[in-house]
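Following: one structure in structure tokens, then a few remarks.
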Amino acid sequence: MQIPMSSPDLTDADIAAVNEVLQTRYLSLGPQIEAFEEAFAATVGARYAVGVNSGTSGLHLAVIAAGIEEGDLVITTPFSFIASANCILFERGIPIFVDVDPATGNIDPALVAEAVEDLVANQSSASHWLPPSLRDRPSSLLRPPPSILPVPVFGQPADMDPIRKVADRHNLVIIEDSCEAIGAEYKGRKAGTLGDVGVFAFYPNKQMTTGEGGMIVTGRDEWDALFRSLRNQGRDIFDAWLNHTRLGYNYRMDEMSAALGLAQLQRLEELLAKRARVAQWYNERLSGHELIETPHIAATTTRMSWFVYVVRIVPPADRDGVMGLLSERGIPSRPYFTPIHLQPFYRRSFGYREGDFPVTERLGATSLSLPFSSVMTEEQVEYVCEALRAALSY
């Protein structure tokens, strides 16, 4: 049995929506993007939604709106997809990594608070939060971090209330990278609306897809206008043709992607329910195995949005060896995530090494993403689980 790692869930109605746009010949910044933005804002409970061509683009624009400039410090997680840290570097800011909660893999709010207090007070302990290659900087160069960038890992919100508390105490902006968490809820509140700005992504393996694409949500009037300008080469709505107010980017979402997104959004509850069903099939078959840790759902997560299904392979079992045995049976799997600070670019640029963030590194060494999508069948899940159990007894 050949099983794909992930598959988009597309219907005839989705395809028809895209074909209809192609027949209009109106392909950029038209009625489809306007309708998608309006519907998306209503779905997540945000005042504004701005479509862009990727989640990474959305994060970059959020960093700009937050005022992050060269040398500014941004507290974030090393256990994430690399874009959540790279977007800070785009504006020459400095990612300040703090370790994560061992149960969920989300950023540890106690460490966030400790880092903020040390950096704001510019105590002697502040420098140890900096990347290793920057720790010899004079203390006068340390500035309070202008923002915090948490990530709801695998579709589960971080513990946001204590993060919000420390941010409010020091007037810090929160950029919520919700690219993996559409539909998730924290204490009954929607992911993406728990900070000052939230960003979603619609890559083909996400809960809903536009092919490529993303969405920024915010409640700030001035940021809504700024995002619309920045995504369109710096033009404002009052600008004359080819007149540009500010440095901008070609980050527009096209009409075909927006049409697909609008059609998918109308099915969002169905898509989330189907993914939850697949996750439940996995849980039923893998829970209780002594060498497998199934996903932990925190008490604060009132709705999980299943982006991927990630287990942890308990030592002395060898995660990489298990991946090889699964591959022999036609089953793809992935390490999820390789810690950002141990990626070659971050090692070279900032001097990170193994041991800097032990919880993140332990999760990175043991986490295994299994095939997962809303179109998986129970028979496919059974095949994967049987193969995984067999690999662990090899």
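The values are calculated or read from the model by the stated rules, or taken from the named source; none is laboratory data. None of these values were measured; they are calculated from a predicted model. Note: ideal-geometry Cβ built from the backbone for every residue, glycine included; neighbour counts use all protein chains shown.
A single member of Ala279, Ala273 is surrounded by fewer than 15 Cβ atoms within 10 Å (Cβ to Cβ) and either more than 19 Å from Ala201 (Cβ to Cβ) or touching a helix residue (DSSP H, G or I) at 6+ places or on another chain (Cβ under 8 Å) (or both), and it is Ala273.
For every residue, the table says whether it meets (1) more than 22 Å from the chain's Cα centre (by Cα); (2) surrounded by 13 or more Cβ atoms within 10 Å (Cβ to Cβ); (3) closer than 28 Å to Glu354 by Cβ.
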{"position": "Leu134", "(1), (2), (3)": "yes, yes, yes"}
{"position": "Val153", "(1), (2), (3)": "no, yes, yes"}
{"position": "Arg169", "(1), (2), (3)": "yes, no, no"}
{"position": "Ile182", "(1), (2), (3)": "no, yes, no"}
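One residue stands out in the range 309-320 among those that are in contact (Cβ under 8 Å) with a residue 24 or more places away in the chain and in contact with a strand residue (DSSP E or B) (Cβ under 9 Å, 6 or more places away or on another chain): the one that is surrounded by the most Cβ atoms within 10 Å (Cβ to Cβ), namely Tyr309. Return yes when Ile292 is in contact with a strand residue (DSSP E or B) (Cβ under 6 Å, 6 or more places away or on another chain) and either touching a residue at least 40 places away in the same chain (Cβ under 8 Å) or farther than 30 Å from Ser367 by Cα (or both) and no when it is not. Yes. A search for C-beta distances below 6 Å between a residue of the range 119-131 that is farther than 11 Å from Arg143 by Cα and any residue that is hydrophobic (A, V, I, L, M, F, W, C), counting only pairs 6+ apart in sequence or on different chains, returns Trp129/Ile96; Trp129/Ala115; Pro131/Phe350.
Just give me the residues in the range 353-388 being among the β-branched types (Val, Ile, Thr), more than 30 Å from Ser133 (Cα to Cα) and in contact (Cβ under 8 Å) with a residue 24 or more places away in the chain, in sequence order. Those that are among the β-branched types (Val, Ile, Thr), more than 30 Å from Ser133 (Cα to Cα) and in contact (Cβ under 8 Å) with a residue 24 or more places away in the chain: Val375, Val381, Val384. Going through (1) over 27 Å from Gly364 (Cα atoms); (2) assigned to a loop (DSSP other than H, G, I, E, B); (3) in the same structural domain as Arg135 (by TED's automatic domain parsing) one by one, Met1 falls short only on (3). Looking only at residues in the range 90-118 that are of a type outside the set (A, V, I, L, M, F, W, C) and over 30 Å from Leu368 (Cβ atoms), the one that is surrounded by the most Cβ atoms within 10 Å (Cβ to Cβ) is Gly93. Looking at the range 284-308, which of its residues are surrounded by fewer than 15 Cβ atoms within 10 Å (Cβ to Cβ), closer than 18 Å to Val153 by Cα and either in contact with a Ser or Thr (Cβ under 7 Å, 6 or more places away or on another chain) or at pLDDT below 95 (or both)? Hit for the range 284-308 is His296, nothing else. Quick one: in the range 103-125, of everything that is of a type outside the set (A, V, I, L, M) and in a loop (DSSP other than H, G, I, E, B), which residue is nearest to the chain's Cα centre (by Cα)? It comes out as Asn106.
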